[in-house]
């Protein structure tokens, strides 16, 4: 009866555009140099010269070649990532990471590796196979902040590749080192990088990051959630959204840190990049247990949801409606709260005027609401005018939506029958042009749909309705046939 | 079976024989083929024949046989043997596409069907190269081959339009998209290019356009579930071409046929569907193309003619506009006054016109016309689409649209007034326009329920509808007459009652019109008016108000049944029934003629019953005549029997299956009307009613049970004295019914009547047997419905024969049985009993068990006494338990008789609710209190202690309430 949906892992659509980036290349031209200034000459070497230079035993030559390499890899268009992989330069770059006597070289190497790791899964894999992870983690303790920062970034790209590499980073004990870097004194750009890398460590399922890692990161994430910088907030919220996108136990871990009120707060943010992931996180939370959902409601979720249902961006409307649908799938006490917070008018409006993908979520909401509602709540639902926009959607080109609506109708009609209200409901449905649509569905090629439509017509819209007033049921017909 | 010439020869011979008109030759050949089809190579032999046989007939025959063979055998059903050997499967899949593509069209179609059937099972996993094989043919350049591939692809992919999203389905679609989307797009582009190269070659164009239609259909299927990445990336290409094709016209492709849609129409229609799909589902991505499509489709509508062949295209196109114009963010595309005016003028008005084809239908195919016009089965018509567009536009632009149309209505009415006989169609369009503009919501029962307030409906009625209906000549301008009557019908809730009353005699007058549509509408309008409810839920029109017209009304109604084409007109018969029902005693003076006419009609139609509704209303009218007359004068029942029995006998003798259930119901009504003993004429029928053959038909059962109940009620002593030998037959019927999950309740009706009415001694010897049968059924299949009936029965039995008798009969079957029934059935299930009378029976029965059954007081059953009392109080006070166990939900589907045999219950033959304990007990709660009091006086001290020790507090409180109300105390 409750419909808390699992998304199908397969997509026909283009990947979503507004989601958080997995990997980033550092293409900053005015690169921050290590603390003690060392002049960089405008060297521009060819790939062969770079290979030669990097293999030199002279650290200065190595540095120059590596810097040239980094610059080549940082150029805006067509950085030759693959040429570097094929030239077998990665092991050498990894070696440079370890030369603690030459922080400039470490920095350039880390940067070059960051950019290679930002490439295809194969390129990231090559960086890992060359053994970059451990030296990068060591660099997190480097006294030079820029080196440190670049290492954070490189690790972020590796972790962002997917669950496998992410777990290698985690099992190499990167998290404690990353967490100690977080302080209020470091520059904002550095903190942004750390937050982003943490979010990648929270990201991806199958499998999820281990619970211990999550336990370690959560206090810091909860601290970061208090920050004022919108990029930091955005990445923190994304991190939390990944952590809550799973079973109830995972959701519980996040909920228990007490972040829900702050997340609700962030849902009113004017920054789309904060609003989107905070809404997503809260949406995930209400797929959890009734208790977890209650916590979300207590945190004030329902007072911010109506304005999101009316948000100008369709994707926000859709997420908000999805969230609503999962609250509606709860016990009738939750449904009562939906009514109390006046969710029905914006819901009806979405059914009427929303884009189709929003309408679909709204239909789910109505279905969950209807099946979980008490009789009184169902009455409120019908009187909110939900049938008006619901019935035209019976002609929508989406079989699941059509079937859900038929189920809702059948359920409402059954309840109305028990209350002796069926006749007026049937008239309402007919007035709204519903019968024509249901009748047409009897010929639908999907058997479940045609059968459901047929059942409704036979059970509730039979011919004899206008005889009812004259009918005197015989002795037992009334009860035993029902 | 080897792939040998000899076998090919044999097969050819047998195939030839299967075409023989003589069944003596044909059947054995078919049998033979069926007997050998399990052999290896059989399908390959068929394929060889359809490819190589010299005889064309054998080729086609082999292809059909092959297709049917695949249909029957290809699917591998779990736990059943694989009916086609693996080698054959592989060989078939390897060759069939090539064979299909190289065969002539007749055979191609069969093989294409076969491929879809195989594809449904094997594609994609077990037929991985199918896609590549198909795609490769796109390069062949041979469009006969390409169309074959496209057709096959369409039959494989069209299920994407109606199947639910699932991982399996989406994996397949993804696979198809990867292999197919790009080649299809290239083919689409190439085909369009070829169309311009061959712009002057009609036959080439026809082939190319067939391809374009199929490609457009494939586009729809592939884009249905979600917007695929590929098509999002290539939307520009597809939409630009679709747009061009919508605006394209080529003289060479225009057809002369007026009825059948041509290739151009089919293609444009499909493109409208594609655009509508995108507009509805992928609005965000499609938004920037939409305005262009709106313009193109609108232009298309303006330039498309009135011929029937364009109907689908036009209604699709209008529906597209209708769905777009009510979306808030496209409002701006329509809001310009000029745009609105031209949509109204050029799209809506022309498509509301009464066309030659409509006129033809009005005259020659009235039944279909009425069905479309009256019952709304007009979903695909132009008029309906135009109406929907009006409603869509009214969402945002009600004022301007009403204004524009008012101007049109006026000018059309003026045109009509200038020369009615030439311009009557203008008035028809005006009325239609007013109707579609005014009606916002409509139901069959009430007509229009919400109207546009900007339209003055009463004024239009008085000025433009009434005058037509008042004209002396009922046969002039029949279409306008029908329009006027329909106007009354649908706006009956908006037009004031005094105007409706004025139209009643006019409608009665139009019952005489020659036009079937006109007199049918008149009858239907009268029927609807007579059904209307006023304040207090009484009929809006009283019998007194209609009384002045009774004679002419009845005369005209029956006369209308003699008009050509209306001898079994269901609307007229329904109006007859409704008139009887409204007029009640006012029809009594006419009954002799009426019943004669009805009987004659009945006799006539019983020769060949073909109109179920007509027949149903006819029997209702007969029932009403009986009820109304006999209410005033019960003795008149004899007259009805005299008039009807002759026809009834004939119906029964000729076994007119459709009518038998009706006849039994009418007989029940007649029999129940008799106040004294059962007449002998009925008794003569009694043995016949027990014949098993009658009970074989499910449709008869309710009516027969009802009739037997009437027999038992009126004639139980006669049966006991004069037909005691029939009692086993009666119980046989009970036994048969009780065995069926669908009909067991009917068996209980019968059994309850037997228990209630038959003298106890006449059934004494059968009692134990009855209980045994019930237990047997309980053991075999215990359903909620059965339990409910069973509970009512044993309580009725307890009331009739006493509590002790019930205990004894249970324990006589098996020791301690009584306790088990109490514990396992009565106490836990009594809450499920529904219906007031049924609950009362159970309450009184249980009260008896509690207070009049000594073993309940002093044996091991005593421990059940308080739980039983508790459950009885629950029955009084708690809501009914209407839960049904999950596994029982399917019973209805399995056992419910199909539509054909469904029982047609007559409303006016209805039986009064009968309360067998009515005289005995008025208030069962008081009765319980009094009975408990009586029991407590017999054994002082025991009852209060049993009650107070184990009854729960709430129940105790209720009980004290009953005792107080009865003013008794427990001692």
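Based on this model, can you work out whether residue A:265 counts as modelled with pLDDT of 95 or more, surrounded by fewer than 24 Cβ atoms within 10 Å (Cβ to Cβ) and assigned to a helix (DSSP H, G or I)? Talk me through it step by step, then tell me what you get.
On the way: modelled with pLDDT of 95 or more: yes; surrounded by fewer than 24 Cβ atoms within 10 Å (Cβ to Cβ): yes; assigned to a helix (DSSP H, G or I): yes.
Yes, satisfied.
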> Quick one: in the stretch B:417-428, which of the residues that are surrounded by fewer than 21 Cβ atoms within 10 Å (Cβ to Cβ) and touching a helix residue (DSSP H, G or I) at 6+ places or on another chain (Cβ under 7 Å) is farthest from the other protein chains (Cβ to nearest Cβ)?
Replying inline: B:423
>> Let me spell it out: the conditions are (1) more than 17 Å from residue B:567 (Cβ to Cβ); (2) buried (at least 22 other Cβ atoms within 10 Å of the Cβ), and residue B:616 meets all of them except one. Which number is the exception?
In response: (1)
> Are any of the residues in the stretch A:453-474 within 10 Å of chain B (Cβ to nearest Cβ), surrounded by 18 or more Cβ atoms within 10 Å (Cβ to Cβ) and at pLDDT below 95?
Replying inline: yes
> Going through the stretch B:262-275 one residue at a time, which ones are within 14 Å of chain A (Cβ to nearest Cβ) and assigned to a loop (DSSP other than H, G, I, E, B)?
Replying inline: none
>> Show the residue pairs meeting these rules: Cβ distance below 7 Å; 6+ apart or different chains; first residue within the stretch B:790-813 and free of Cβ contacts under 8 Å to residues at least 24 places away in the same chain; second residue surrounded by 23 or more Cβ atoms within 10 Å (Cβ to Cβ).
In response: B:811/B:818
>> On the basis of being within 45 Å of the chain's Cα centre (by Cα), crowded, with 21+ Cβ neighbours inside 10 Å and outside any helix (DSSP H, G or I), does residue B:219 make the cut?
In response: no
>> Could you check the stretch B:903-942 and list, in sequence order, the residues that are surrounded by 13 or more Cβ atoms within 10 Å (Cβ to Cβ), within 14 Å of chain A (Cβ to nearest Cβ) and assigned to a loop (DSSP other than H, G, I, E, B)?
In response: B:903, B:904, B:905, B:906, B:910, B:911, B:913, B:914, B:915, B:916, B:917
>> Of the conditions (1) away from chain A (no Cβ under 14 Å); (2) within 19 Å of residue B:229 (Cβ to Cβ), residue B:176 satisfies every one except a single condition; which number is it?
In response: (1)
> For the stretch A:383-399, which residues satisfy the criterion of being over 21 Å from residue B:391 (Cα atoms) and crowded, with 20+ Cβ neighbours inside 10 Å?
Replying inline: A:398, A:399
> Which condition number in (1) exposed (fewer than 14 other Cβ atoms within 10 Å of the Cβ); (2) free of Cβ contacts under 8 Å to residues at least 24 places away in the same chain is the one that residue B:692 fails?
Replying inline: (2)
>> Go through the stretch B:742-770 and report how many residues are within 30 Å of the chain's Cα centre (by Cα) and surrounded by 19 or more Cβ atoms within 10 Å (Cβ to Cβ).
In response: 7
>> Every residue in the stretch B:512-562 that is closer than 17 Å to residue B:618 by Cβ, touching a residue at least 12 places away in the same chain (Cβ under 8 Å) and not in a helix (DSSP H, G or I), please.
In response: B:561
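Here are A:421, A:430: which of them is under 27 Å from residue A:340 (Cα atoms) and free of Cβ contacts under 8 Å to residues at least 40 places away in the same chain?
Sole residue among the options that is under 27 Å from residue A:340 (Cα atoms) and free of Cβ contacts under 8 Å to residues at least 40 places away in the same chain: A:421.
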>> Would you confirm whether or not the stretch B:250-261 contains a residue that is under 39 Å from the mean Cα position of the chain (by Cα), within 14 Å of chain A (Cβ to nearest Cβ) and crowded, with 17+ Cβ neighbours inside 10 Å?
In response: no
>> Being over 27 Å from residue B:446 (Cα atoms) and part of a loop (DSSP other than H, G, I, E, B) is the requirement here; does residue A:397 meet it?
In response: yes
> In the stretch A:41-98, what residues are surrounded by fewer than 19 Cβ atoms within 10 Å (Cβ to Cβ), touching a residue at least 40 places away in the same chain (Cβ under 8 Å) and in a helix (DSSP H, G or I)?
Replying inline: A:47, A:59, A:82, A:91
>> So in the stretch A:211-248, with the set limited to residues that are under 19 Å from the mean Cα position of the chain (by Cα) and in a loop (DSSP other than H, G, I, E, B), which one is farthest from residue A:287 (Cα to Cα)?
In response: A:225
> How many residues, within the stretch B:511-548, are buried (at least 17 other Cβ atoms within 10 Å of the Cβ) and within 32 Å of the chain's Cα centre (by Cα)?
Replying inline: 21
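Results for (1) surrounded by fewer than 21 Cβ atoms within 10 Å (Cβ to Cβ); (2) within 27 Å of residue B:225 (Cα to Cα); (3) in contact with a strand residue (DSSP E or B) (Cβ under 7 Å, 6 or more places away or on another chain); (4) modelled with pLDDT of 95 or more, shown as yes or no for each residue.
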{"site": "A:309", "(1), (2), (3), (4)": "no, yes, no, yes"}
{"site": "A:313", "(1), (2), (3), (4)": "yes, yes, no, no"}
{"site": "A:320", "(1), (2), (3), (4)": "no, yes, no, yes"}
{"site": "A:329", "(1), (2), (3), (4)": "no, yes, no, no"}
{"site": "A:339", "(1), (2), (3), (4)": "yes, no, no, yes"}
{"site": "A:345", "(1), (2), (3), (4)": "yes, no, no, yes"}
{"site": "A:354", "(1), (2), (3), (4)": "no, yes, no, no"}
{"site": "A:363", "(1), (2), (3), (4)": "no, yes, no, yes"}
{"site": "A:366", "(1), (2), (3), (4)": "no, yes, no, yes"}
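A quick yes/no check of all residues on (1) crowded, with 19+ Cβ neighbours inside 10 Å; (2) within 14 Å of another protein chain (Cβ to nearest Cβ):
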| residue | (1), (2) |
| --- | --- |
| B:141 | no, no |
| B:156 | yes, no |
| B:169 | no, yes |
| B:200 | no, no |
> Does residue B:278 count as under 24 Å from residue B:143 (Cα atoms) and within 11 Å of chain A (Cβ to nearest Cβ)?
Replying inline: no
> So which residues in the stretch B:7-32 are out of contact with any helix residue (DSSP H, G or I) (no Cβ under 6 Å at 6 or more places or on another chain) and under 19 Å from residue B:71 (Cβ atoms)?
Replying inline: B:30, B:31
> Which residue out of B:798, B:842 is surrounded by 15 or more Cβ atoms within 10 Å (Cβ to Cβ), out of contact with any strand residue (DSSP E or B) (no Cβ under 9 Å at 6 or more places or on another chain) and more than 12 Å from every other protein chain (Cβ to nearest Cβ)?
Replying inline: B:798
> What helices (runs of 4 or more DSSP H), lying completely within the stretch B:319-419, carry at least 3 residues that are within 28 Å of the chain's Cα centre (by Cα)?
Replying inline: B:356-364, B:366-375, B:382-418
>> Checking residue A:408 against (1) within 11 Å of chain B (Cβ to nearest Cβ); (2) within 37 Å of the chain's Cα centre (by Cα); (3) buried (at least 19 other Cβ atoms within 10 Å of the Cβ), only one condition comes out false. Which one?
In response: (1)
> Which condition breaks for residue B:608 when tested against (1) under 34 Å from the mean Cα position of the chain (by Cα); (2) touching a residue at least 24 places away in the same chain (Cβ under 8 Å); (3) surrounded by fewer than 17 Cβ atoms within 10 Å (Cβ to Cβ)?
Replying inline: (2)
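The values are calculated or read from the model by the stated rules, or taken from the named source; none is laboratory data. It should be emphasised that the depicted structure is a prediction, and the values quoted were computed from it without experimental measurement. Ideal geometry is used to build each Cβ from the backbone, glycine not excepted, and the neighbour counts take in all protein chains shown.
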